[in-house]
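Below is one structure, written out as structure tokens, with a few remarks after it.
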Protein chains: 2
Amino acid sequence: MADNKLVESVKALEKGAMKLSLASDEARSSALLAIAGAIDRNRTLIHEENEKDIEAAGKSGIAKALLHRLEFTDEKIDSAIKGLEELSRLPDPIGKIKEKRELDPGFVLEKVTFPIGVIAMIFEARPDALVQIAGLAIKSGNAVVLKGGKEATLTNRALVSIIKEAALPIVQTDWILGIESHEDVDAILSLDKYIDLVIPRGSNAFVRYVMDHTRIPVIGHADGICSVYIDSDADLEKALAICIDSKVQYPAACNAAETFLVHSAVCEAFLPRLSSAFASLGVKVHADERAIRYFPSAEAAAEDDFRTEYLSLECAVKVVDSEEEAIEHIQEHGSHHTDAIVTENEEHKMEFFSSVDSADVFCNCSTRFADGFRFGLGAEVGISTSKIHARGPVGLDGLMTTKWLLSGNGETVAEYSGKNGRSFHHKELI
Amino acid sequence: MADNKLVESVKALEKGAMKLSLASDEARSSALLAIAGAIDRNRTLIHEENEKDIEAAGKSGIAKALLHRLEFTDEKIDSAIKGLEELSRLPDPIGKIKEKRELDPGFVLEKVTFPIGVIAMIFEARPDALVQIAGLAIKSGNAVVLKGGKEATLTNRALVSIIKEAALPIVQTDWILGIESHEDVDAILSLDKYIDLVIPRGSNAFVRYVMDHTRIPVIGHADGICSVYIDSDADLEKALAICIDSKVQYPAACNAAETFLVHSAVCEAFLPRLSSAFASLGVKVHADERAIRYFPSAEAAAEDDFRTEYLSLECAVKVVDSEEEAIEHIQEHGSHHTDAIVTENEEHKMEFFSSVDSADVFCNCSTRFADGFRFGLGAEVGISTSKIHARGPVGLDGLMTTKWLLSGNGETVAEYSGKNGRSFHHKELI
């Protein structure tokens with residue numbers, strides 16, 4: 001359970017969210033610039049705190065890759081500042097008219113976007129992520145509870161305080177709360193009365209833990225088991241480039257491919273080429289009984305290898321006899337994140353697009369394109385595999401809900417009822 | 001926990017949903033007409049089963065209003081058939097393009113609508129609701145688990161069997177499952193692995209029970225505590241008509257008003273008129289200390305009276321000194337369902353529209369307009385007070401998710417990376 005002080009802080013955010021939702025886009029955007037300026041002026045302090053975090057993390061012996069993410073170098077600070085400036089120039093996400101309909105002359109219904117309220121974001125030990133998330137919150141008019149990875153505690157504490165202070169003269173309300181302990185995360189997850197949405201990022205196990213321990217709606221994804229299917233009608237040049245990019249370009253990403261399904265009609269022509277490319281790039285292969293003869297150093301794939309998110313230079317390869325078999329494999333083994341077909345056959349493409357029930361379904365390109373920036377969403381909150389609210393890469397839109405606004409002139413339902421009642425004309429205005 | 005047979009039946013729906021999502025709009029719409037025809041041909045059977053339900057319900061002494069809802073008269077059957085025919089003519093909700101963007105020449109991203117999958121609907125003892133919900137499911141390409149009020153068990157069992165049989169030759173899959181016991185409801189609520197969305201209707205207590213006992217996302221609303229605020233700049237003629245309609249036109253509906261907030265500047269001119277109108281219509285009033293002198297037979301309102309959904313000819317009245325006070329009252333006491341202001345002052349209207357955080361916010365019309373049919377949504381699944389996925393009256397759109405489809409020509413992320421990488425042009429195509 002949450003202690004009283006935390007509950008009071010979160011309750012204050014609820015009121016702050018309402019106030020922030022009423023601030024003009026100009027005010028919210030100038031707060032973003034004020035934050036950017038304050039971060040720039042406080043580099044020394046930020047570096048000092050970050051140094052302490054790095055030293056402590058070094059002593060505890062964390063992996064080099066994690067240490068690298070933890071470091072808030074001047075280059076990363078520059079890029080965080082640039083991100084805030086870009087965010088300030090994005091169109092206002094509040095008050096966008098999604099539907100507009102005249103029910104009867106002069107009786108007009110609008111569906112407009114509105115901030116969700118209080119959002120909790122839990123993320124890995126990357127100080128740049130904190131800056132980005134705080135920026136997204138203020139731009140979208142939402143209050144935010146932030147919990148970063150524990151290795152970044154001191155850096156994050158300094159950043160939250162700098163951000164809060166810089167924005168306060170403009171937004172004049174509580175809208176950001178940093179929490180630090182695991183106990184506080186559990187407490188936050190129990191506050192479904194005050195928190196409207198949770199966005200967890202991090203390890204599969206952690207995201208699953210969050211999903212299993214809260215009644216608050218969660219946007220995110222636990223697994224990224226993405227597949228590439230090489231169809232009988234694939235262009236094998238494209239196929240090779242796409243397989244390599246999907247696996248090798250950044251194997252630790254959730255949108256990297258883990259499974260390659262190859263149609264039997266092309267395996268003789270394609271698998272020797274894939275095999276030598278993967279061998280030269282150091283990709284370890286788990287191959288099924290029909291694929292293994294093409295991969296001299298592969299291990300025989302067990303059923304579990306097709307349900308594994310390797311997140312490294314490792315993958316599973318299987319030969320299939322039809323597109324249908326490939327689709328069935330993906331539906332059964334994948335995580336409904338991102339799956340791609342390589343084919344020159346328009347019918348096969350459409351079959352794949354209709355039948356694969358994943359957030360992102362691609363044809364003739366790398367699975368690595370599943371990303372809010374590449375999709376042109378301006379900014380990315382995360383990638384959702386939920387079918388509710390937001391699916392796939394989520395931009396500022398995912399932080400918005402809608403309101404129905406109806407403007408009349410004294411209309412009553414009684415006038416529109418019964419045999420001689422008026423009827424609606426429902427004229428679309430957009 | 002769910003027994004194995006039920007789990008198997010729900011699993012079969014998961015596959016059925018996928019098959020239904022691939023059926024053409026023509027097939028789904030002709031299934032609707034086949035169902036309409038089968039219901040028409042089976043009136044005798046339906047009446048027989050409905051008679052048995054009514055007899056049993058009469059013996060158990062249920063309220064007259066409930067008995068009336070349970071009756072599936074020929075007139076109601078006619079109207080259910082008409083509803084199916086109208087549904088068959090609505091535009092196909094599957095495959096609507098919501099976004100379309102060229103990332104780079106010939107590299108096109110689309111966000112298209114797609115059915116959610118398996119939806120569980122739990123509803124009151126109204127056989128016509130079963131027909132409507134089954135129709136919405138098939139039109140939207142979703143499989144559905146149906147649980148109607150227990151008083152309608154025999155009628156519902158007959159209807160499910162008629163509907164299933166009529167649709168089978170066309171859709172050739174399992175897409176509808178009727179369940180009957182409370183134990184089965186609990187079991188269904190535990191099947192978050194196979195069921196994507198729950199839509200409960202019925203009493204507040206029941207909807208709250210569902211929300212508290214499942215990890216499946218829920219669309220709906222527990223309370224409908226709606227308010228009408230009569231502003232200092234209200235047209236009092238309109239105000240009177242709106243207050244009467246909001247309270248009296250159908251008091252058992254969730255969108256009927258429960259609370260009337262009247263600005264002190266107009267209470268002298270308005271409350272005597274409201275008082276005599278409510279007295280002549282038999283509306284019982286709970287009035288605060290400033291309003292009570294205008295209502296000779298009112299009771300003094302306790303704090304709880306402003307948090308009560310009366311659902312009958314009963315309401316609470318309060319005098320406020322400012323629009324701000326009215327808004328604060330609504331935020332604190334309302335259920336974020338539907339709230340209205342009566343004013344001729346455009347600034348006051350805009351203030352109310354921005355600050356009231358409810359699914360529906362109205363100006364100068366009755367709260368009773370909060371309804372999918374009146375909003376022009378074609379059909380209504382229910383009214384949601386959730387801020388996630390769908391808010392307010394929910395039409396077929398609320399039964400859809402989206403997929404991102406990306407069509408390329410061999411693109412890799414590597415080409416778009418680094419100093420000399422290609423950049424995206426992100427050209428909007430719609």
*Just one of (1) within 28 Å of residue A:235 (Cβ to Cβ); (2) among the hydroxyl-bearing types (Ser, Thr, Tyr); (3) surrounded by 17 or more Cβ atoms within 10 Å (Cβ to Cβ) trips up residue A:322, so point out which.*
(3)
_Among (1) away from every other protein chain (no Cβ under 11 Å); (2) polar (S, T, N, Q); (3) touching an Asp or Glu at 6+ places or on another chain (Cβ under 9 Å) - the single one residue A:312 does not satisfy_ = (3)
_Selected residue [assigned by TED's automatic domain parsing to the domain that holds residue B:58, surrounded by fewer than 22 Cβ atoms within 10 Å (Cβ to Cβ), among the aliphatic types (A, V, I, L, M) and within 17 Å of the chain's Cα centre (by Cα)] from B:129, B:137, B:125_ = B:129
*In the stretch B:386-401, which residue that is among the small types (Gly, Ala, Ser) and more than 9 Å from chain A (Cβ to nearest Cβ) is surrounded by the most Cβ atoms within 10 Å (Cβ to Cβ)?*
B:398
_What's the total number of residues in the stretch B:172-190 that are more than 20 Å from residue B:381 (Cβ to Cβ) and either buried (at least 22 other Cβ atoms within 10 Å of the Cβ) or of a type outside the set (D, E, K, R) (or both)?_
6
*Report, by residue number, each residue of the stretch A:15-31 that is in a helix (DSSP H, G or I) and either surrounded by fewer than 21 Cβ atoms within 10 Å (Cβ to Cβ) or at the interface with chain B (Cβ under 10 Å from one of its Cβ atoms) (or both).*
A:15, A:17, A:18, A:19, A:21, A:22, A:25, A:26, A:27, A:30
*Looking for whichever is closer than 23 Å to residue B:40 by Cα, under 23 Å from the mean Cα position of the chain (by Cα) and not polar (S, T, N, Q) here; the options are B:154, B:177. Which one fits?*
B:177
*Applying the selection to the stretch A:57-102, what residues are more than 27 Å from residue A:34 (Cβ to Cβ), more than 14 Å from chain B (Cβ to nearest Cβ) and surrounded by fewer than 14 Cβ atoms within 10 Å (Cβ to Cβ)?*
A:58, A:59, A:60, A:61, A:63, A:64, A:65, A:68
*among the hydrophobic types (A, V, I, L, M, F, W, C), over 18 Å from residue B:47 (Cα atoms) and modelled with pLDDT of 95 or more: does that describe residue B:143?*
yes
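Condition test on residue B:419, is it without any contact (Cβ under 8 Å) to a residue 12 or more places away in the chain and more than 9 Å from chain A (Cβ to nearest Cβ)?
Values: without any contact (Cβ under 8 Å) to a residue 12 or more places away in the chain: yes; more than 9 Å from chain A (Cβ to nearest Cβ): yes.
Taking the combined requirement at face value, the residue satisfies it.
Quick one: which strands (runs of 3 or more DSSP E) lie wholly within the stretch B:317-430 and hold at least 1 residues that are over 18 Å from the mean Cα position of the chain (by Cα) and at positive phi?
Details: elements: B:338-342, B:360-365, B:382-384, B:392-394, B:400-411.
In the stretch B:317-430, the matching strands (runs of 3 or more DSSP E) lie at B:360-365, B:400-411.
Answer yes if at least one residue in the stretch B:402-416 is more than 7 Å from chain A (Cβ to nearest Cβ) and farther than 28 Å from residue B:144 by Cα, and no otherwise.
Here is the first cut: in the stretch B:402-416, the ones more than 7 Å from chain A (Cβ to nearest Cβ) are B:415-416.
Now drop any that are not farther than 28 Å from residue B:144 by Cα, which leaves B:415-416.
So far as the stretch B:402-416 goes, yes, one or more of its residues are more than 7 Å from chain A (Cβ to nearest Cβ) and farther than 28 Å from residue B:144 by Cα.
On the given criteria, is residue B:280 more than 20 Å from residue B:337 (Cβ to Cβ), of a type in the set (S, T, N, Q) and either touching a residue at least 12 places away in the same chain (Cβ under 8 Å) or not assigned by TED's automatic domain parsing to the domain that holds residue B:254 (or both)?
Working: more than 20 Å from residue B:337 (Cβ to Cβ): yes; of a type in the set (S, T, N, Q): yes; either touching a residue at least 12 places away in the same chain (Cβ under 8 Å) or not assigned by TED's automatic domain parsing to the domain that holds residue B:254 (or both): no.
Considered against the rule, which asks whether it is more than 20 Å from residue B:337 (Cβ to Cβ), of a type in the set (S, T, N, Q) and either touching a residue at least 12 places away in the same chain (Cβ under 8 Å) or not assigned by TED's automatic domain parsing to the domain that holds residue B:254 (or both), residue B:280 comes out as no.
Which ones in the stretch B:203-244 are polar (S, T, N, Q) and either within 14 Å of another protein chain (Cβ to nearest Cβ) or in a loop (DSSP other than H, G, I, E, B) (or both)? Reasoning before the result, please.
Initially, the stretch B:203-244 is screened for residues polar (S, T, N, Q), giving B:203-204, B:214, B:227, B:232.
Scanning the stretch B:203-244 gives B:203, B:214, B:232.
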*Which one of the conditions (1) free of Cβ contacts under 8 Å to residues at least 24 places away in the same chain; (2) outside the structural domain of residue B:147 (by TED's automatic domain parsing); (3) under 22 Å from residue B:304 (Cβ atoms) does residue B:237 fail to meet, given that it meets all the rest?*
(3)
*Which residue pairs have Cβ atoms under 6 Å apart, sit 6 or more places apart or on different chains, and have a first residue in the stretch A:149-162 that is closer than 23 Å to residue A:60 by Cα and modelled with pLDDT of 95 or more and a second that is crowded, with 23+ Cβ neighbours inside 10 Å and among the polar types (S, T, N, Q)?*
A:155/A:50
*Count, please, the residues in the stretch A:340-385 that happen to be small (Gly, Ala, Ser), more than 8 Å from chain B (Cβ to nearest Cβ) and either touching a residue at least 24 places away in the same chain (Cβ under 8 Å) or surrounded by 22 or more Cβ atoms within 10 Å (Cβ to Cβ) (or both).*
5
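What residue, of A:76, A:15, A:52, A:5, is over 23 Å from residue A:173 (Cα atoms) and at pLDDT below 95? Let's see the steps before the verdict.
On the way: A:15 fails: over 23 Å from residue A:173 (Cα atoms); A:52 fails: at pLDDT below 95; A:5 fails: over 23 Å from residue A:173 (Cα atoms).
Among A:76, A:15, A:52, A:5, only A:76 is over 23 Å from residue A:173 (Cα atoms) and at pLDDT below 95.
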*Considering residues of the stretch A:73-122 that are within 19 Å of the chain's Cα centre (by Cα) and not aliphatic (A, V, I, L, M) only, the residue nearest to residue A:214 (Cα to Cα)*: A:117
*asked:* Restricting to the stretch A:245-265, give me the number of residues that are in a strand (DSSP E or B) and within 14 Å of chain B (Cβ to nearest Cβ).
replied: 1
*Tell me, which strands (runs of 3 or more DSSP E) lie completely within the stretch B:38-140 with 3 or more residues that are over 17 Å from residue B:178 (Cβ atoms) and out of contact with any Pro (no Cβ under 8 Å at 6 or more places or on another chain)?*
B:97-104, B:107-115
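The values are calculated or read from the model by the stated rules, or taken from the named source; none is laboratory data. Computed from a prediction, not measured in an experiment: that's the story for all the values here. For neighbour counting, all protein chains shown are included, and Cβ atoms are generated from backbone atoms with ideal geometry for every residue, glycine included.
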